[in-house]
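The values are calculated or read from the model by the stated rules, or taken from the named source; none is laboratory data. Keep in mind the model is a prediction, meaning the values are calculated, not measured. Note: ideal-geometry Cβ built from the backbone for every residue, glycine included; neighbour counts use all protein chains shown. For accessibility, only protein heavy atoms count, side chains too; no ligands or nucleic acids. Shrake-Rupley method; radii C 1.70, N 1.55, O 1.52, S 1.80 Å.
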Amino acid sequence: MSDSPAPQPPLAAATRVVTLGREDDVPGAQVGAPLVLTSTYRAHGDTMYARSGNPTWTAFETALGSLEGGDALVYSSGMGAVSAALSLVPHGGVVVAPDAAYNGVVSTLGQREEAGELTVRRVDVTDTDAVVAALDGATLLWLESPTNPLLEVADLATVLGAARERGVLSVVDNTFATPLLQRPLELGADVVVHSVTKYLSGHSDVVLGAAVTAATEAGRALRDRLLLHRTLHGAIAGPMEVWLALRGLRTLHLRVERAGANALVLAERLRDHPAVERVRHPGWGAIVSIEVMGGPEAADRAADATRVWVNSTSLGGVESQLERRRRIATEPKAVPENLLRLSVGVEDVDDLWRDLDAALRSVL
Ligand SMILES: *Cc1c(COP(=O)(O)O)cnc(C)c1O
C-alpha cells in the first residue's frame with residue numbers, strides 16, 4: 001500500500017453544488033450549512049464584526065466560488081454586486097458596455113455618465129469587431145451574455161482576450177447562463193457578477209448578489225478591493241437569505257437542466273405560433289423572449305391571461321414567469337414594446353405550452 005491515497009478525479013459541478021460549503025467531515029458535524037445569526041464575535045478570532053464576515057456567507061461563497069472557478073463575495077442584491085464591480089472604475093474612466101442590457105446596469109451607467117464620473121461607449125455585443133475596436137483606451141469592459149432581455153450572445157473568448165491584451169478590466173454578468181452553462185473567468189474575465197436572486201437561489205424568495213474574481217494574483221488583488229468596498233459601503237447580505245440561497249443552489253443543476261429542456265421545446269413551438277412575430281432564444285438557457293402580434297396592448301393582455309405562468313418581474317425561479325419589459329420606464333428603448341420575456345420554469349412542459357398558447361390565442 002502506498003502512503004498517499006490514489007488521486008481522485010475532480011468532482012463534477014453537479015456534485016459540487018450538492019456538497020460544497022458543508023462543515024468538515026468530522027464525527028457529529030452538521031450536514032446542513034450553518035445559519036449564523038450574530039452581529040459580533042468574541043475577541044481574538046479571525047472576524048470581529050459581522051459586517052466583514054459570517055460563516056453562512058462563507059459556505060455559500062465557497063460553493064459559488066468553486067462553480068465559477070474563483071473566489072466569491074456575496075452581496076445584499078445583484079445591484080450591490082454591480083455597484084461594487086463598477087467601483088473598480090476610477091473617476092473619468094471609460095466603460096465599454098452593451099447598448100441594451102439589464103436596465104439597472106444601463107441606468108447606473110447612464111447616471112454616472114451624466115454626473116461626469118465616467119464615459120460610456122455603447123456597443124452591440126454581437127458585433128465582435130466593434131466591441132474590440134471600442135476597447136482602445138478603455139478602463140473596463142462590461143458584458144452580459146446572453147443579454148437581458150434581447151438574448152444577444154457575445155463571443156466572450158474573443159472580446160475578453162482582446163480586453164486582457166489591452167489591459168482593460170472585464171466584468172461579465174453571468175446571471176442568465178449560471179456557471180453550469182458558462183464560466184467567464186475561464187474565458188478571461190476578471191470579475192463575474194450575479195443576481196443570486198435568479199437561478200442560483202432559484203425559488204423567488206430572496207434578493208441577493210455575488211461577485212467572483214479569478215484565483216490568480218491579479219484576481220486576489222481585485223477581491224481585496226471588492227471586499228473592502230463591501231465592508232465599507234455595507235451592502236451586506238442577511239445570513240438567512242444566504243442560507244436560503246445555498247439551499248436553493250443544491251438543486252441548480254436539476255433546475256437548469258429541466259428549465260432549459262422546457263425552454264427548447266417552447267421556443268420551437270412558439271416559432272410557428274400565429275400570435276408571435278419573433279422568437280429569441282440562443283439555443284440554450286431557459287429565457288425565451290417573444291414579440292407578440294398586435295403591439296404592447298396585446299402583449300399585456302396575453303401576459304394577464306395565463307393561469308400557470310405568473311405575470312411578474314424577475315426570472316430564474318422554479319415557476320414560469322412572463323413580463324412585458326417595456327412596461328418599466330427605464331427599460332432600454334432598443335427592447336421592442338411588444339416583447340414578453342419568458343422565464344421558463346420547471347413545471348410540466350405541456351401544461352406550460354397549453355397555458356401560453358391559450359393566452360396568446362386569446363389576443364388574436
Ligand atoms: C436581476 C438582474 C440584476 C440585478 O439583480 P438584483 O438581484 O435584482 O439586484 C443584474 N443583472 C441581471 C442580468 C439581472 O437579471
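Note that segment 164-298 carries a Kirkwood radius of 17.3 Å, evaluated over its alpha carbons pair by pair. Counting only Cβ charges, +1 for Lys and Arg and -1 for Asp and Glu, the dipole size of the chain around its Cα centre is about 500 debye. For segment 35-106, the calculated P(r), taken from all Cα-Cα distances in 10 Å bins from zero up to the bin holding the longest distance, is 15, 35, 31, 15, 4 percent. Annotation: per residue accessible area for the chain equals 44 Å², rounded to a whole number [probe 1.4 Å, protein chains only]. Computed from Cα atoms, the angle from the helix 239-249 axis to the main principal axis of the chain rounds to 70 degrees. Relative to its Kirkwood radius, the Cα radius of gyration of segment 252-361 gives an Rg/Rh of 0.93.
In the chain, the calculated helix contribution to ellipticity at 222 nm averages -11000 deg cm²/dmol per residue, counting -39,500 (n - 2.57) for every DSSP H run with n ≥ 4.
Measure nothing but the geometry: give the 0 to 90° angle between the long axis through the Cα atoms of 295-304 and the longest principal axis through the Cα atoms of the chain, rounded to 10°. For 295-304 against the chain, the angle is about 60 degrees. Quick one: net charge around Glu241, please, counting Lys, Arg +1 and Asp, Glu -1 for every other residue with C-beta under 14 Å from its C-beta. That sum, taken over residues with Cβ under 14 Å, equals 0.
The residues packed around Arg327, meaning those with a beta-carbon under 12 Å from its beta-carbon, carry a net charge of -2 if Lys and Arg are +1 and Asp and Glu are -1.
Fully extending the segment from Thr47 to Ile328, taken as 0.36 nm per residue of separation minus the present Cα-Cα distance, adds 97.0 nm. Within the accessible surface of the chain, defined with a 1.4 Å probe on protein heavy atoms only, the carbon and sulfur portion equals 53 percent.
Here segment 110-200 yields Rg over Rh of 0.96, to two decimals, using C-alpha coordinates and the Kirkwood radius. In this rough spin-label picture, where each label sits 7 Å from Cα along the Cβ direction, the Ala218-His233 distance is 2.2 nm. Over all other residues within a Cβ to Cβ distance under 11 Å of Thr197, the charged ones net out to -1, with Lys and Arg as +1 and Asp and Glu as -1.
Here, segment 13-249 is characterised by an Rg to Rh ratio of 0.98, where Rg is the alpha-carbon radius of gyration and Rh the Kirkwood radius.
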